[in-house]
Amino acid sequence: MPQLSLPSPVMAGGDLLLRTHLGLPVLARALPCCLRLRVPARRRGGAPPLTAAKVDIADVVGLVRSSDAADPKRRRSRDGEEGLAFRKVATSRGRDVHEEDVVGGEALEFDAAKGGGEAGGVDGSYLSETRFDQCAISPLSLKAVNDAGYERMTQVQEATLPIILQGKDVLAKAKTGTGKTVAFLLPAIEALSTLPNSRRNQLRPSINLLVMCPTRELANQVAVEAKKLLKYHHSLGVQVVIGGTRLTQEQRSMQANPCQILVATPGRLKDHLENTPGFSTRLKGVKVRQISHIAMKKDYKFINTVKDGDEETHSQVSQMFMVAPLDLHFSILYDVLKKHVAEDADYKVIIFCTTAMVTKLVAEVLSQLKLNIREIHSRKSQSARTKVSDEFRKSRGLILVSSDVSARGVDYPDVTLVIQVGVPADRQQYIHRLGRTGRKGKEGQGLLLLAPWEKYFLSSIKDLSISEVAVHSVDATTQTKVKDAVRKVEMRSKESAYQAWLGYYNSNKTIGREKSRLVKLAEEFSQSMGLAVPPAIPKQILRKMGLNNVPGLRST
Ligand SMILES: Nc1ncnc2c1ncn2[C@@H]1O[C@H](COP(=O)(O)OP(=O)(O)OP(=O)(O)O)[C@@H](O)[C@H]1O
């Protein structure tokens, strides 16, 4: 049995940070607003010391350090003598580490005002003034960075890279869409490229860098970015392993194309550990670790690229909310989209819905209304997801109806509008979803569409510049057209959406508390789908939701 258990926080989209046997980085990119950097020293021979950091844009939710995870002896001493063991380890590996070297959680406030703009970059952009050719990266990486079209570093890259290359721990904070992926991949690749050839030129080299991603789309995206940076590093390779594709195909691909960097989603990683011969050996240093047991040591540097008092969201993204009864939501959605499409020929919209099945329903209604709709969620086949994701990345004039699979980290350029229908899971999810627009300093718009009983959520985002817009008065012709479209959607889609809707709000701490009210609200939702009587739900599912015997629910 392979020695890796994937902790539930990761399965749920949380963070995981592990280390490999050879001491190179394992990165978890589960919360894309976070930047986690493990800082290997640039030197030949021997395993670099490990460091790790992550930060959530709003609050630091536990810092992760896994420096000595692979060695139980070291871990014991670390647990007992925090700090001392680390110095011993580092010294024993030949790294010249002294107590003065380590900065106990020192906050290095990056001079966000340096560039003079709101976001701290030149002309208010997300970019810094520093060019990549001004920093100490290898010529191969530099060439690749230039080919990718990156000339100047983003603020977070400028602020972190020199420190990481010195072998320091870094904890960095930066807004959405400001280049955190390159910020963690580039130093990791630099570290890999300094490993002695004997380590790298094996037929099946160790996997030295494992990047864990919560969604398949994000994993693909990280692999694409890694490939760009590896363009001239011919002895280094990256592979992606994600669920929903054929395991055997990935096994063959990993055999044919040895890789030192693996980008994975947790479930599929586990699959390979259990079913791919030799795979666990390649990851042999990765232990059974629970994130809660890994503590970030105090010797990290905190780099904050967000100015004090600045909002967590981008000021160039205008944020609005609208509160309207559920039965108007489809009409309002249609009306908003029609106007947006008419105003901007290059429109590119993402509509976030609460669950996969509600996403499907909304996509079907809007497709009936002849809008240019694509749909993405976990119930779609992976090939369909990849196709839609690739298309949406490249195109304009499209509306993507999505569940939260697109909420975090996914980089679709030039999204003009993000609409969130229904209450998001929490404040962070609201910010992540909104962060799909306004990337790389561009402008964007966000609209949160709530039912009156979802207004409570606004208190959690009241510090953001979000303003209310009045409910559109939708003309009678449009309303009839929308009703007609809703009517045409298959009953099965409505049944599934109803069930999913009930499940989502049932698990919402505020709305799900009072079951009789929840059932009434669910009935409102079913009426908004044009149903006179709410669909029946299998008994077994009601039991799972803890809703069996709740009056007002019909069971089969
Ligand atoms: N130095 C650079 N110059 C120009 N573009 C860059 C640079 N670095 C990264 N980018 C591009 O910026 C975009 C956003 O980067 P990325 O997705 O890494 O942002 P992020 O901060 O991780 O976002 P999120 O918080 O949503 O995960 C990508 O298209 C990436 O290719």
Potential lengthening between A384 and A345 on full extension [0.36 nm per residue; Cα-Cα distance subtracted]: 11.5 nm
List C135, C213, ordered by accessible area with a 1.4 Å probe, largest first: C135, C213
Approximate spin-label separation T556-E443, in nm, with each point projected 7 Å along Cα-to-Cβ: 5.0 nm
Contour excess over end-to-end distance, with Cα ends at S253 and S280 and 0.36 nm allotted per residue: 8.1 nm
Global form of region 455-556, assessed from the alpha-carbon gyration tensor, a/c cut-off 1.5: oblate
Counted charge near K231, where neighbours are those whose Cβ lies closer than 10 Å (Asp, Glu -1; Lys, Arg +1): +2
Per residue, in Å², the accessible surface of region 330-417 once ligands and nucleic acids are set aside, probe 1.4 Å: 35 Å²
Hydrodynamic radius (Kirkwood) for region 419-504, which is based on Cα pairs only, to one decimal in Å: 15.7 Å
Percent carbon-and-sulfur accessible area, region 327-411, ignoring ligands, DNA and RNA, probe 1.4 Å: 47 percent
Additional length obtainable on full extension of the chain from R246 to H472, 0.36 nm per residue less Cα span: 76.6 nm
Highest average packing first - 417-425, 510-518, Cβ atoms within 10 Å: 417-425, 510-518
Whole-Hz ³J(HN,Hα) from phi, Karplus 6.51 cos²θ - 1.76 cosθ + 1.60, for region 371-377, glycine and proline x: 7, 7, 9, 10, 10, 9, 6
Relative packing of peptides 312-318, 172-178, 445-451 - highest average C-beta neighbours within 10 Å first: 172-178, 445-451, 312-318
By average C-beta atoms within 10 angstrom, highest first, the peptides 497-503, 233-239: 497-503, 233-239
Carbon plus sulfur fraction of accessible area for region 445-556, probe 1.4 Å, in percent: 51 percent
1.4 Å probe accessible area per residue over region 423-522, in Å²: 49 Å²
List F279, F321, ordered by accessible area with a 1.4 Å probe, largest first: F321, F279
Region 152-285 - Rg over Rh from alpha carbon coordinates, Kirkwood radius: 0.97
Residues whose placed amide H lies under 5 Å from that of I351, excluding near-sequence neighbours: L400, V401, S402, I419
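The values are calculated or read from the model by the stated rules, or taken from the named source; none is laboratory data. It should be emphasised that the depicted structure is a prediction, and the values quoted were computed from it without experimental measurement. Reconstructed Cβ throughout: ideal geometry from the backbone, glycine too, with neighbour counts over all protein chains shown. Areas reflect the complete protein model, heavy atoms only, side chains present, ligands, DNA and RNA absent. Shrake-Rupley method; radii C 1.70, N 1.55, O 1.52, S 1.80 Å.
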